[in-house]
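*Asks:* Can you read through this structure? Questions will come right after.
Every number in this text was worked out from the coordinates using simple rules, so none of it is lab data. For clarity, every value in this text was computed on a predicted model and none was experimentally measured. Cβ placement follows ideal geometry from the backbone for every residue including glycine, while neighbour counts extend to all protein chains displayed.
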Amino acid sequence: MVISKEWQGTLTNVRFNQLLLAWQPEENCIVGQYFATGPISKYQYWKIVRQDSGWEVTVQNTGSGLYIRLEDNRLTCGDEPSIFYAIEDTDGLVGFQVPNGPTWDLETGEPGSEVTLVLNGGDFTDDQKWTPISVSD
């Protein structure tokens, strides 16, 4: 399992592999942010902590100390975390899902596009999968 009890690093979208999961403080939203031309922003680093059940996680932005949370059917950051399911496939790619609900999805490859929530049929698509890269990698 790539993401063990506690993990820190970046999450790159599988479909749009030049976009990292990032917090955009001005809009308080979660976006795909371009990283190829310069240092990785502090808002592109995440800490994932697994809860006792195994699939349940909290996701914290290490640059701000704020947690990803579900607020009015969109992903924002705040002091109190929401619980998500982090489901890994055999290649170590991770999909995130609201318990019994929608999946995190990056619909377009435009830098700054917001990560939305969509229902899926059980299998994650490439725009719903993230490649975890540990800080130590």
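*Asks:* Check cross-link reach from LYS42 to the aspartates and glutamates: straight Cα distance under 19 Å, and skip same-chain residues fewer than eight apart.
*Replies:* Hits, sequence-local ones excluded: GLU6, GLU26, GLU27, ASP79, GLU114, ASP137.
*Asks:* Over the stretch 6-134, calculate the relative contact order: mean separation of alpha carbon pairs under 8 Å at least 6 apart, over the residue count, as a percent.
*Replies:* Values: 307 pairs, mean separation 35.5, N = 129.
Answer for the stretch 6-134 is 28 percent.
*Asks:* Which trypsin sites (Lys or Arg not before Pro) does the stretch 1-95 hold that lie in a coil by DSSP with at most 14 other beta carbons within 10 Å?
*Replies:* LYS5
*Asks:* With +1 on the Cβ of every Lys and Arg and -1 on the Cβ of every Asp and Glu, and nothing else charged, how large is the dipole of the chain about its Cα centre, in debye rounded to the nearest 20?
*Replies:* On the way: 8 positive and 20 negative charges, 70 e Å.
Around 340 debye, computed over the chain.
*Asks:* Follow-up question, since we're still on this one. Within 10 Å of each candidate Cβ there may be at most 13 other Cβ atoms; applying that plus a DSSP loop requirement, which GluC sites (Glu not before Pro) in the stretch 22-127 survive?
*Replies:* GLU26, GLU27
*Asks:* If you don't mind, there's one more thing I want to ask. Placing +1 on the Cβ of each Lys and Arg and -1 on the Cβ of each Asp and Glu in the stretch 6-134, which of SER82, LEU119, ALA22 has its Cα farthest towards the positive end of the resulting dipole?
*Replies:* ALA22
*Asks:* On alpha carbon coordinates alone, what is the Rg over Rh value for the stretch 6-134, Rh being the Kirkwood radius?
*Replies:* The Rg/Rh ratio comes out at 0.92.
*Asks:* ARG15's amide H: which non-local residues (gap 5+, or another chain) put their own amide H closer than 5 Å, with H modeled 1.01 Å from N in plane and none for Pro or chain starts?
*Replies:* ASP127, LYS129
*Asks:* For SER82 and SER41, FRET efficiency with R0 = 35 Å and r from the beta-carbon atoms, rounded to 0.05?
*Replies:* Step by step, r from the Cβ atoms, then E = 0.95.
*Asks:* Hey, another quick one. Please express the Cα-Cα pair-distance distribution P(r) of the stretch 24-85 as a list of whole percents, one per 5 Å bin, running from 0 to the bin with the greatest distance.
*Replies:* Each 5 Å bin holds this share of Cα pairs: 4, 18, 26, 24, 16, 8, 3, 1.
*Asks:* Give me, ordered by chain and number, the residues 5 or more places off GLU71 or on other chains with an amide H under 5 Å from its own placed amide H.
*Replies:* The answer is THR76.
*Asks:* If you don't mind, another one. Would you give the gap between the C-alpha center of the stretch 82-100 and the C-alpha center of the stretch 27-61, rounded to a whole Å?
*Replies:* 13
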